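**Q** Take a look at this one; I'll ask things after.
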Amino acid sequence: PASVSSGQSSTLTVSTSGSTPVGTVSVSVTGTGVSATHSSLLSLTVNTPVSAAPALAQSTGATETTTATSLAATFPNPTTAGNLLVLSASVYTGATNHITSITDSAGNTWTRVGAFSVASHNSDGEMWYSANAASVTSVTAHLASAATVALGVQEFSGIAALSALDVSAGTSNTSAAATTGPAGGTTANELAVGFVTGHANAEAITVTALGYTAQAQRTSTGTVASIVTGYKILSSASSETFSATFGTAMYWAAGIAIFRAAN
């Protein structure tokens, strides 16, 4: 469908809906005056809409100095409505006390991508997301029992409003190197977001995944929970892993999610 409007000047404006097929069509324009009617046939070309590539808008995070049942992270600026929010968490509880929910200042719905842990390792790494989110200023992770937590939260533009999550992967173990295992992106221009968490050791986490932009490491005091996050815009459909190394072996968890770009 298209609408045509024109004043007494020679300017002609044609507006199309988002469902107008791409291609060239003929448009008949009729002008009716006091004593005459004039018609003209024009050619209208509808091009494919150009969408901006996914991009990081801002990031934030938080750590604790003592165990608690919730931890909030505040963004430097209010997020933009319609953007994707991704929360990655390091929880020092292993498989016994996963995050129960994520809430934010706008009441958005949050979905868990995965919780990666091994019994008796006291190490849990989780990722949650909210797509097409209303503007928020803060995000809070909740647990049933008090624990030490470190958070990383990112805001991304250019992500699909519906069915945003494409594929994901993750695992947990003990060693001096962490890797998520492969997650296969299905198209170019998708967004890959990864995290690696460390537990019981405050040593540096060095991201080794190629092409990823890493955010600063966040490490709690007291019972140590640490996290590093990173992201990458995929130039083609590819199998992705997020990985990192440590100075010495320690408990860790790692996860990756690939999100679809907006059409």
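The values are calculated or read from the model by the stated rules, or taken from the named source; none is laboratory data. Keep in mind that this is a model prediction, so the values were computed, not measured. Positions of Cβ are generated from backbone atoms using ideal geometry, with glycine treated the same way; all protein chains shown enter the neighbour counts. SASA here: full protein model, heavy atoms, side chains in, ligands and nucleic acids out. Shrake-Rupley method; radii C 1.70, N 1.55, O 1.52, S 1.80 Å.
**Q** Could you list, in sequence order, the residues of region 174-198 that are open to solvent by 10 Å² or more (accessible area, probe 1.4 Å) and either of a type in the set (S, T, Y) or on the phi > 0 side of the Ramachandran plot (or both)?
**A** Scanning region 174-198 gives T174, S175, T179, G181, T186, T187, N189.
**Q** List pairs: first in region 121-137 and under 20 Å from I256 (Cα atoms), second buried (at least 21 other Cβ atoms within 10 Å of the Cβ) and among the β-branched types (V, I, T), Cβ under 6 Å, 6+ apart or cross-chain?
**A** Within 6 Å, the pairs are D124/V91; D124/T93; G125/T197; E126/I99; M127/V113; W128/I102; Y129/V86.
**Q** Of everything in region 60-100, what is without any contact (Cβ under 8 Å) to a residue 60 or more places away in the chain and either farther than 29 Å from N201 by Cα or assigned to a strand (DSSP E or B) (or both)? Give them in sequence order.
**A** N77, P78, A81, I99, T100
**Q** Collect the residues in region 141-167 that are within 23 Å of T93 (Cβ to Cβ) and either among the basic types (K, R) or open to solvent by 50 Å² or more (accessible area, probe 1.4 Å) (or both), keeping them in residue-number order.
**A** Scanning region 141-167 gives H142, A144, S145, A146.
**Q** With open to solvent by 20 Å² or more (accessible area, probe 1.4 Å), polar (S, T, N, Q), free of Cβ contacts under 8 Å to residues at least 40 places away in the same chain and assigned to a strand (DSSP E or B) as the only criterion, which of T103, T109 stands out?
**A** None of the others qualify; the one that does is T103.
**Q** A57: open to solvent by 30 Å² or more (accessible area, probe 1.4 Å) and at pLDDT below 95, yes or no?
**A** Against the criterion (open to solvent by 30 Å² or more (accessible area, probe 1.4 Å) and at pLDDT below 95), A57 does not qualify.
**Q** Would you be able to tell me the number of residues in region 74-100 that are surrounded by 20 or more Cβ atoms within 10 Å (Cβ to Cβ) and over 30 Å from M250 (Cα atoms)?
**A** 4
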